[in-house]
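Please read the structure below before turning to the comments.
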Amino acid sequence: MDAIIRNRAVPWIIVILVVVNLMTLSTLWFFVLRRPLHPPAISGEKRQEQVDLFLAKELNLSEEQARRFDQMQEQHFRRSDPIIEEIHRLKEELFHQLVFSADESARARELAQEIGERETEKELLLFRHFTELLSTLRPEQQNDFKRLIHEILRKIAPPPPPDRR
């Protein structure tokens, strides 16, 4: 008689276990797998607003200084965007050279040289922009600005090359 009761209970136990497993998988799917792996991308304008707010807060900018920062930033982007586009175009052309020859050609060298010149131009433009921003700040704000720039550069710096000894 015990065996008969056990045989009747086995299908019910299996059904219960299947239902519990389905509920567990549904919960995992709903709470874990439906969530995007990466946070949604922030638009350029939104990102710039966040940077502006961060700088205004960290540097304790006055309204006039914040307005001036925005103007200088817009000027900087108007100057640097064409250079960045040119660098992109030159890099595309450089890698199109691979189609014609896997060897390093004279044209590839020219393109690499031009890219380097545009990168230099872009970096000097950025340096001048930061210098201009710095000139609008009070001395205590200048120290905070230099500290912020140093921290940002440290965070975005590439890792040191591995020791190859």
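The listed residues are L53, L59, and the only one of them that is at pLDDT 85 or above, among the hydrophobic types (A, V, I, L, M, F, W, C) and closer than 30 Å to R138 by Cβ turns out to be L59.
Within region 141-165, restricting attention to residues that are surrounded by 10 or more Cβ atoms within 10 Å (Cβ to Cβ) and of a type in the set (D, E), the residue that is farthest from L55 (Cα to Cα) is E151.
Quick check on S80: is it of a type in the set (G, A, S) and in contact (Cβ under 8 Å) with a residue 24 or more places away in the chain? Write out each step before concluding.
On the way: of a type in the set (G, A, S): yes; in contact (Cβ under 8 Å) with a residue 24 or more places away in the chain: yes.
Spelling it out, S80 is indeed of a type in the set (G, A, S) and in contact (Cβ under 8 Å) with a residue 24 or more places away in the chain.
Could you check how many residues of region 58-85 are under 26 Å from E114 (Cα atoms) and of a type outside the set (A, V, I, L, M)? Don't jump to the end; show me each part of the working.
Keep residues of region 58-85 that are under 26 Å from E114 (Cα atoms), which gives 73-85.
From what is left, the residues that are of a type outside the set (A, V, I, L, M) are 73-82, 85.
Qualifying residue count, region 58-85: 11.
For beta carbons closer than 6 Å, sequence separation of 6+ or different chains, a first residue in region 86-103 that is closer than 20 Å to R118 by Cβ and of a type outside the set (A, V, I, L, M, F, W, C) and a second that is modelled with pLDDT of 90 or more and surrounded by 15 or more Cβ atoms within 10 Å (Cβ to Cβ), the qualifying pairs are E86/R118; E93/L111.
Note on region 106-152: residues that are in contact (Cβ under 8 Å) with a residue 24 or more places away in the chain and not in a helix (DSSP H, G or I) total 2. Restricting attention to region 66-114, the residues that are modelled with pLDDT of 90 or more and among the polar types (S, T, N, Q) total 4.
The values are calculated or read from the model by the stated rules, or taken from the named source; none is laboratory data. The structure displayed is predicted, hence computed values, not measured ones. As a convention, Cβ positions derive from the backbone with ideal geometry for all residues, glycine included, and neighbour counts pool all protein chains shown.
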